[in-house]
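Visitor: So that we are looking at the same thing, I have put the structure below in structure tokens.
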Amino acid sequence: MPIHYVALGDSAGAGFGVPAGAGYVDRVFTQLQRRDPSARLRNLARNGATTATLRTDQLGAALAAQPTVCSLFIGGNDLWRGVTPSHYGRNLEAIADQLDRARCPVVVGTLPNLAHAPAAALAERFLGIARAQIEERIVAYNERVRRLAVDHSYALVDLFGSARLDEHAEYFAADGFHPSAAGHAAWYETIWPAFAALHPQ
């Protein structure tokens with residue numbers, strides 16, 4: 001069966017602010033095509049998506065697409081909008097309960113440490129939200145992501161702990177929040193091994 005990759009997520013998945021083909025989803029898909037020239041991509045990631053809007057706006061199309069592999073990277077907008085970790089976790093579970101109907105492998109990722117993002121410095125300076133508070137919330141979010149990966153047998157990519165992607169200023173775009181092209185390249189390097197393990201040469 002040909003590979004059909006369906007990506008779920010937010011503006012990072014959509015490749016917001018970087019040239020066509022430079023986002024991590026497109027980079028992963030390019031490698032999948034090298035393993036299967038008939039591979040297809042359906043990128044459902046949308047700017048501003050949260051776990052709640054992903055449930056309503058992306059899941060139905062994902063299941064209808066009959067994917068052979070999916071990726072799920074979501075949470076940055078939940079974080080900035082103050083969604084509690086417990087609510088975030090419940091949304092993740094609801095997403096997974098539906099996504100499991102596709103009966104395909106799923107690659108899920110933790111949030112990088114956005115407390116190191118330039119935008120976090122602005123939040124601290126102008127809104128009084130300490131970076132330590134942001135990091136504490138991200139750690140709590142990521143506990144839910146890791147639990148989800150175990151409970152649903154998803155392939156886990158740790159963007160928080162294993163890559164330290166957030167410690168490189170050049171990995172952030174000029175807005176101080178979204179990944180730059182260099183950031184997407186680094187995300188791809190961290191994410192690709194999970195896909196490679198699912199699609200050995």
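None of the figures in this text is laboratory data; all of them are computed from the coordinates on show. Everything quoted here is computed from the prediction, not taken from an experiment. Counting neighbours? That spans all protein chains shown, and the Cβs are built from the backbone with ideal geometry, glycine included.
Visitor: In the chain, with Lys and Arg counted as +1 and Asp and Glu as -1 at Cβ, which of these residues, Y24, A115, A140, has the Cα nearest the positive end of the dipole, that is, farthest along it?
Guide: Result: Y24.
Visitor: Give the separation of the Cα centroids, the stretch 1-50 to the stretch 81-103, in Å.
Guide: Here the two parts' Cα centres lie 21 Å apart.
Visitor: Here is a follow-up. Nearest 10 degrees is fine. How inclined is helix 131-152 to the longest principal axis of the chain, computing both from alpha carbons?
Guide: Rounded to the nearest ten degrees, it is 20.
Visitor: About its Cα centre, how strong a charge dipole does the stretch 4-198 have in debye, to the nearest 20, once Lys and Arg get +1 and Asp and Glu get -1 at the Cβ?
Guide: Values: 18 positive and 19 negative charges, 90 e Å.
The calculated dipole for the stretch 4-198 is roughly 440 debye.
Visitor: Still on this model: Taking the beta-carbon count within 10 Å as an exposure proxy, list V139, V157, V150, V25 from fewest neighbours to most. Intermediate results must be reported in sequence, preceding the final value.
Guide: On the way: V139 16, V157 24, V150 9, V25 27.
Ordered by Cβ neighbours within 10 Å, fewest first: V150, V139, V157, V25.
Visitor: Going by amide H atoms built from the backbone, whose H comes under 5 Å of the H on R42, apart from near neighbours?
Guide: Y5, V6, A7
Visitor: OK, next. If you place +1 on the Cβ of every Lys and Arg, -1 on the Cβ of every Asp and Glu, and leave all else neutral, what size is the dipole of the stretch 33-113 about its Cα centre, to the nearest 20 Debye?
Guide: Numbers: 10 positive and 6 negative charges, 54 e Å.
About 260 debye.
Visitor: Something else now. Once every DSSP H run of n ≥ 4 in the chain is given -39500 (n - 2.57) and the sum is divided by its residues, what mean residue ellipticity at 222 nm do you get, rounded to the nearest 500 deg cm²/dmol?
Guide: Working: 9 runs with 99 residues, N = 201.
Only helices count here, giving -15000 deg cm²/dmol.
Visitor: Between helix 85-99 and the chain, what is the angle of the helix's C-alpha long axis to the longest principal axis, kept within 0 to 90° and rounded to the nearest 10?
Guide: So the inclination is approximately 10 degrees.
Visitor: Next question. Nearest 10 degrees is fine. How inclined is helix 24-35 to the longest principal axis of the chain, computing both from alpha carbons?
Guide: Approximately 20 degrees, to the nearest ten.
Visitor: Another question, then. Points 7 angstrom from Cα along the Cβ direction at Q98 and A197: gap in nanometres?
Guide: Here the answer is 2.7 nm between the modelled labels.
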